[in-house]
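The values are calculated or read from the model by the stated rules, or taken from the named source; none is laboratory data. Since this is a predicted model, take the numbers as computed values, not measurements. So basically every Cβ, Gly included, is an ideal-geometry build from the backbone, and we count neighbours across all protein chains shown.
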Amino acid sequence: MMDEKLENVYSPDFFNKTGHELIDLLTNYLQQSGNQDIPVMNWNEPSEQYAFWKNFKPKNNDPIDLYKNIIDRSIHIHHPKYMGHQLCPPAPVAALTGLLGELINNGMAIYEMGAAGTAIERVIIELLAGKIGYDDNGDGYITSGGTIGNLTALLAARQNAVETDIWEDGIDESLGVMVSSEAHYSVDRALRIMGFGSKGIIKIPVDDNFCLDTSLLDDYYNEAEDKGIKVIAVVGSAPSTSTGMYDDLQTIADFCRNKDLWFHVDGAHGGGAIFSQKYRHLLKGVEHADSVVIDGHKMLMTPALLTFVMFKNKDVSYSTFNQKAQYLWEKSQDEEWFNLARRTIECTKLMMSIKFYSLLILYGEEIFDKSVTHLYNLGSMFAEKIRQRVNFELALEPHSNIVCFRYIIKNSTEREIDSINSSIRNNLLKKGDFYIVQTTLNKRVYLRTTIINPATNSKIFDELLDEIEKLSPDSIE
Ligand SMILES: Cc1ncc(COP(=O)(O)O)c(C=O)c1O
């Protein structure tokens, strides 16, 4: 006999009642966020937040009271004044599909533990490979986030660059990877995990546009080789995180071809532009990349996490966790495509594929074009508004939906301007009406926005700039 309490936990009736109430609550959240009836966030200091949850007891032991409090005390990504980090407001249908995946909880490591999800993953991967511009040999898989995606791809790059079997014998060679100084820290972190150390992470300075300065590739390559470091790969950012600027992938691809190097594209943020007819040109050259990482939870409307790791050559997608020789001997590894854990860091992994697939199957692939194109257009619109205001300075003409700028007061020193912008950002955070972040460019503080909610619009941009003017010290005085 099952314990009564345990039986209640698994009761379909409980699920049905609570599930309907939860959907009502979330519908209300979507409406209130969309209509701006609630702030983007209710700021609480970490210690207060901790104390609240430490002592929390839901009223009448009702899960809905728990859910309400979680929503109230979380940032509202669906709010059109959310313009902070690169996390999209997921399309509700993708979130609902996620709920399904969470409940049926298929593990995905081997085919029988995720039959539908695994086959669906293959369908999507074929679509992505075609969009990147790979031929039939292109392949890949889905993993949990761009950070793990970059690590997985770079592990494959390393195994393919050396003659030895790293998996069996480790590695003594001194290896290097060239990457822009503006690349996301996950690339640096992956290389350090892999034992490259500082000397093996060859940071190439950026040009005036904050893109990897390709004119320096030869010099840095030669310098590394002179020091006895074998360069194995170059990483292009598409785009880099702070500024949203795309590296010149075509030139990096040409360099890699000439030197016989692996070319990895970190397209975690903007790789999704492969779907955009208008902005696809930013990714020119991506089709030559040996590996590409693209996050669904940034530009492609899915809940976190969902990352595509794509390879130009099917065989190497098996080499991350395998000795090199194995895939050469055994030509038919691909017969194992349905046992995904052979290629991913995860053993058990979420049914991520079904979330992307729900959007694809219901709205067609043009929905991703619409989303990326609309958001990148909004980036240009916001930049134009910043340019029109005398007290604002645009950091760069944006390539994407990431826009950096600062408020300036005439005759102030750079240090004063830094502190004004930092205090504006802190005040915005505490007020909770808008959510934006800050970054440092050329050692100066800039306000940074990622326009990632399709409901953000021209009026909201004006309101944000007005609000910043109001919060500036000259208007407070
Ligand atoms: C360019 C780039 N690469 C990698 C990552 C890491 O991705 P994730 O947060 O999915 O691990 C980010 C995150 O912002 C990013 O912008």
Within the range 370-425, can you find the residues that are of a type in the set (S, T, N, Q), touching a strand residue (DSSP E or B) at 6+ places or on another chain (Cβ under 9 Å) and closer than 30 Å to Glu45 by Cα? Asn401, Ser419, Asn421, Ser422
Do we have any residue at all in the range 407-422 that's farther than 18 Å from Gly244 by Cα, among the hydrophobic types (A, V, I, L, M, F, W, C), at pLDDT 95 or above and assigned to a strand (DSSP E or B)? no
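Being among the small types (Gly, Ala, Ser) and either near the ligand (Cβ under 10 Å from one of its atoms) or under 19 Å from the mean Cα position of the chain (by Cα) (or both) is the filter here, so list the residues in the range 123-146 that pass it. Break it down stepwise before answering.
Within the range 123-146, the subset among the small types (Gly, Ala, Ser) is 129-130, 133, 138, 140, 144-146.
Hits for the range 123-146 are Ala129, Gly140, Ser144, Gly145, Gly146.
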The range 51-89, residues that are basic (Lys, Arg) and either assigned to a loop (DSSP other than H, G, I, E, B) or in contact with a Lys or Arg (Cβ under 6 Å, 6 or more places away or on another chain) (or both): Lys57, Arg73, Lys81
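Find the residue count for the range 110-146, including only residues that are assigned to a loop (DSSP other than H, G, I, E, B) and not hydrophobic (A, V, I, L, M, F, W, C).
First, pick out the residues of the range 110-146 that are assigned to a loop (DSSP other than H, G, I, E, B): 110, 114, 133-138, 144-145.
Now drop any that are not not hydrophobic (A, V, I, L, M, F, W, C), which leaves 114, 133-138, 144-145.
The number of residues fulfilling the criteria is 9.
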Restricting the range 230-254 to residues that are within 16 Å of the ligand (Cβ to nearest atom), of a type in the set (A, V, I, L, M) and over 20 Å from Arg280 (Cβ atoms), which is surrounded by the fewest Cβ atoms within 10 Å (Cβ to Cβ)? Ala233
When both residues are 6+ apart or on different chains and their Cβ atoms are under 6 Å apart, which pairs have a first residue that lies in the range 86-115 and is farther than 30 Å from Gln438 by Cα, and a second that is surrounded by 15 or more Cβ atoms within 10 Å (Cβ to Cβ) and of a type in the set (Lys, Arg)? Thr97/Lys355; Gly98/Lys355; Met108/Lys349
Criterion violated by Glu397 - all others in (1) part of a loop (DSSP other than H, G, I, E, B); (2) touching a Gly at 6+ places or on another chain (Cβ under 9 Å) satisfied: (2)
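Of the residues Gly101, Gly107, Gly149, only one is surrounded by 15 or more Cβ atoms within 10 Å (Cβ to Cβ), among the small types (Gly, Ala, Ser), outside any strand (DSSP E or B) and within 16 Å of the ligand (Cβ to nearest atom); which?
Values: Gly101 fails: within 16 Å of the ligand (Cβ to nearest atom); Gly107 fails: within 16 Å of the ligand (Cβ to nearest atom).
Residue meeting the stated conditions: Gly149.
Inspect the range 328-335 for any residue being in contact with a strand residue (DSSP E or B) (Cβ under 8 Å, 6 or more places away or on another chain), more than 29 Å from Thr302 (Cα to Cα), of a type in the set (A, V, I, L, M, F, W, C) and in a helix (DSSP H, G or I) and give the result as yes or no.
Of all residues in the range 328-335, those in contact with a strand residue (DSSP E or B) (Cβ under 8 Å, 6 or more places away or on another chain) come to 334.
With more than 29 Å from Thr302 (Cα to Cα) added as a condition, the list becomes none.
No, the range 328-335 has no match at all.
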Looking only at the range 297-315, which residues are within 13 Å of the ligand (Cβ to nearest atom) and either out of contact with any Pro (no Cβ under 9 Å at 6 or more places or on another chain) or not in a loop (DSSP other than H, G, I, E, B) (or both)? His297, Lys298, Met299, Leu300, Leu305, Leu306, Thr307, Phe308, Val309
Is it the case that some residue within the range 212-226 is within 15 Å of the ligand (Cβ to nearest atom) and either buried (at least 16 other Cβ atoms within 10 Å of the Cβ) or within 19 Å of Arg158 (Cα to Cα) (or both)? yes
Total residues in the range 12-50, condition surrounded by fewer than 12 Cβ atoms within 10 Å (Cβ to Cβ) and either touching an Asp or Glu at 6+ places or on another chain (Cβ under 8 Å) or not in a helix (DSSP H, G or I) (or both): 3
Near pairs, Cβ below 9 angstrom, 6+ apart or cross-chain, from the range 268-296 (at negative phi and part of a loop (DSSP other than H, G, I, E, B)) to any residue that is of a type in the set (Lys, Arg) and within 16 Å of the ligand (Cβ to nearest atom): Ala268/Lys298; His269/Lys298; Gly270/Lys298
